[in-house]
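Remarks on the structure that follows.
The values are calculated or read from the model by the stated rules, or taken from the named source; none is laboratory data. Everything quoted here is computed from the prediction, not taken from an experiment. All Cβ positions, glycine included, derive from the backbone under ideal geometry; neighbour counts span all protein chains shown.
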């Protein structure tokens, strides 16, 4: 039982850092795209935004195996030990990639690693959609377990969409840092962030829903 409670505590803390970090990232992004700030102030806001974003980025790969382990220990999910171990190994790999990309920002090898990470996340979404969908058809598995996996897959998909919409952002920000105020760059940055916002809100909604499912507020 102590091990179960520790896992439950870690699962809750992953939720806290995901949601709290996302909120900090969201608020800091508004200062980064504010043309009324100096380039130096916007650069500081960007550093704050990236630091806050590490909470969600690290929580995402941890919250999944923690949830699977808790569901297995509670008897809510009949997952095999090899499959559970594989989930932990893959998610710890995912966690490690996030750390490597953050610690080596700007280095040439991170471009390739980031591309690998992008397709890895797509694979995670597809696997979880298939697995969660199959659990919905399994009468022995509580429906809330299946829905939590499907909602998590949707949140990862939202993160992929955010990454796609932010692709023009670094170039536009670099133009401002190197050349001063630039209306075109300001417009590109503002549009990128604006397009990301619906997906951020969907992620927040997913976190609220999965929390409600986890405590059986909804079934």
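Residue 180 - would you say it is more than 24 Å from residue 52 (Cα to Cα), surrounded by fewer than 16 Cβ atoms within 10 Å (Cβ to Cβ) and touching a helix residue (DSSP H, G or I) at 6+ places or on another chain (Cβ under 9 Å)? Here the answer is yes, as residue 180 does meet what is asked. Just give me the residues in the range 33-78 being part of a helix (DSSP H, G or I), over 30 Å from residue 131 (Cβ atoms) and touching a residue at least 60 places away in the same chain (Cβ under 8 Å), in sequence order. Correct list: 39, 42, 43, 46. Among the residues of the range 84-92, are any in a helix (DSSP H, G or I), at pLDDT 95 or above and within 18 Å of residue 54 (Cα to Cα)? The answer is yes; a qualifying residue exists.
Scanning the range 117-147 for residues that are surrounded by fewer than 12 Cβ atoms within 10 Å (Cβ to Cβ) and either farther than 30 Å from residue 77 by Cα or touching a residue at least 60 places away in the same chain (Cβ under 8 Å) (or both) returns a single hit, 140.
With the condition kept exactly as written, say whether any residue in the range 193-206 is outside any helix (DSSP H, G or I) and either modelled with pLDDT under 95 or buried (at least 17 other Cβ atoms within 10 Å of the Cβ) (or both). Quick ask: steps written out before the conclusion?
Keep residues of the range 193-206 that are outside any helix (DSSP H, G or I), which gives none.
The answer is no, given that none of the residues of the range 193-206 is outside any helix (DSSP H, G or I) and either modelled with pLDDT under 95 or buried (at least 17 other Cβ atoms within 10 Å of the Cβ) (or both).
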